[in-house]
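The next block holds one structure in the form of structure tokens; read it before the comments.
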Amino acid sequence: MRAALVTGAARGIGAATAVKLAEQGWAVLAVDLAENDPALPYPMGTGEELSTVVATIREAGGTAEEFRADVRDRTRLAAAITTAEQHWGGLDAAIAAAGVIAGGAPLWEMPPEQEDAVLDVNLRGVLNLAHVAIPALLRRPKPRCGRFLAVASAAATRGLPMLAAYCAAKAGVAGLIRALGTELGDSGVTANAVSPGSTDTPILAESARLYDLPSAQSFATQQPVQRLLDPAEVAAVLAFLASPESSATTGAVIPVDGGLAL
């Protein structure tokens, strides 16, 4: 059985990815902070939501465990890796889906604690997972089929006003993935990312609040498909990238954005 670790698994794209992988026969360690961050003005995923994701997988006949960890804590992420290896004998995929957003003001007016949270979760959290997960992926014997995946954003290539720190963090994720693709080379482990557009998640709802919009639905018209994306649509691409069929793809940042980047 292939084993995957997914951060940010309590809700949104992370939760959808955990469920999709389990549907495809993966054992999933669903990782989330599962508590609020005092630096951020909106609620994070909860322990109840994380437990519900795991329960949903199990009720459908899948295999999953939950693990609470802050992606800013590399030691705790290493413990999650150890847990996955103990449960399933190794790790085959690590998906960095945890993310937060803050802004609503020019960068020079952004509270420093919010800037730190955005950069530390969205970029440093991906770096932290890479540090502890890639060695585990490489511990699988050759010929291996390891996958390190991350969630970037259309914000990695678009200059979004009042979200400068978020744009910077997501651009950093894209650069990291390109570098990892070259560093991993012919190891049998690949590194890729998806770059979602406006997806119906709590982060988008918070984005609407930051822009004083009535709801997240207001973002639908900026995408050629004229609708918000479902987290499951992003998860489907991540599941493909986690599969052996994606073996020719590495160092790529794939738009899953309803045409937003066009």
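The values are calculated or read from the model by the stated rules, or taken from the named source; none is laboratory data. Keep in mind that this is a model prediction, so the values were computed, not measured. Methodologically, a virtual Cβ is constructed for each residue, glycine included, from the backbone with ideal geometry; neighbour enumeration extends over all protein chains shown. When the accessible area is computed, the model is the full protein with side chains, heavy atoms only, and any ligands, DNA or RNA have been set aside. Shrake-Rupley method; radii C 1.70, N 1.55, O 1.52, S 1.80 Å.
Restricting attention to the range 78-95, the residues being touching a residue at least 24 places away in the same chain (Cβ under 8 Å) and either closer than 14 Å to Arg68 by Cα or of a type in the set (Phe, Trp, Tyr) (or both) number 6.
Please determine whether any residue of the range 182-189 is modelled with pLDDT of 95 or more, part of a loop (DSSP other than H, G, I, E, B), among the hydroxyl-bearing types (Ser, Thr, Tyr) and closer than 29 Å to Pro244 by Cα. Yes, the conditions are met somewhere in the range 182-189. Against the conditions (1) touching a residue at least 40 places away in the same chain (Cβ under 8 Å); (2) crowded, with 19+ Cβ neighbours inside 10 Å, Leu210 satisfies every one except (2).
Select from the range 50-64 the residues that are farther than 20 Å from Asn122 by Cβ and assigned to a helix (DSSP H, G or I) and list them in ascending order. Even if it seems obvious, please write down each step before you answer.
First, the residues of the range 50-64 that are farther than 20 Å from Asn122 by Cβ: 51-64.
If the condition is that a residue be farther than 20 Å from Asn122 by Cβ and assigned to a helix (DSSP H, G or I), then Ser51, Thr52, Val53, Val54, Ala55, Thr56, Ile57, Arg58, Glu59 are the ones that fit.
Quick one: in the range 167-186, of everything that is β-branched (Val, Ile, Thr) and surrounded by 20 or more Cβ atoms within 10 Å (Cβ to Cβ), which residue is nearest to the chain's Cα centre (by Cα)?
To start, the set of residues in the range 167-186 that are β-branched (Val, Ile, Thr) comprises 173, 177, 182.
In the following step, the residues that additionally are surrounded by 20 or more Cβ atoms within 10 Å (Cβ to Cβ) were identified as 173, 177.
Working: Val173: 10, Ile177: 13 Å.
The residue in question is Val173.
Can you spot a residue in the range 196-207 that is more than 25 Å from Val118 (Cα to Cα) and either open to solvent by less than 20 Å² (accessible area, probe 1.4 Å) or of a type in the set (D, E, K, R) (or both)?
Filtering the range 196-207 down to residues more than 25 Å from Val118 (Cα to Cα) leaves none.
No, that holds for no residue.
Can you list residue pairs whose Cβ atoms sit under 7 Å apart, with the first residue in the range 221-244 being under 16 Å from Thr201 (Cβ atoms) and the second being acidic (Asp, Glu) and open to solvent by 60 Å² or more (accessible area, probe 1.4 Å)? Count only pairs 6 or more apart in sequence or on different chains. These pairs meet every condition: Leu228/Asp200; Leu229/Asp200; Asp230/Asp200; Pro231/Asp200.
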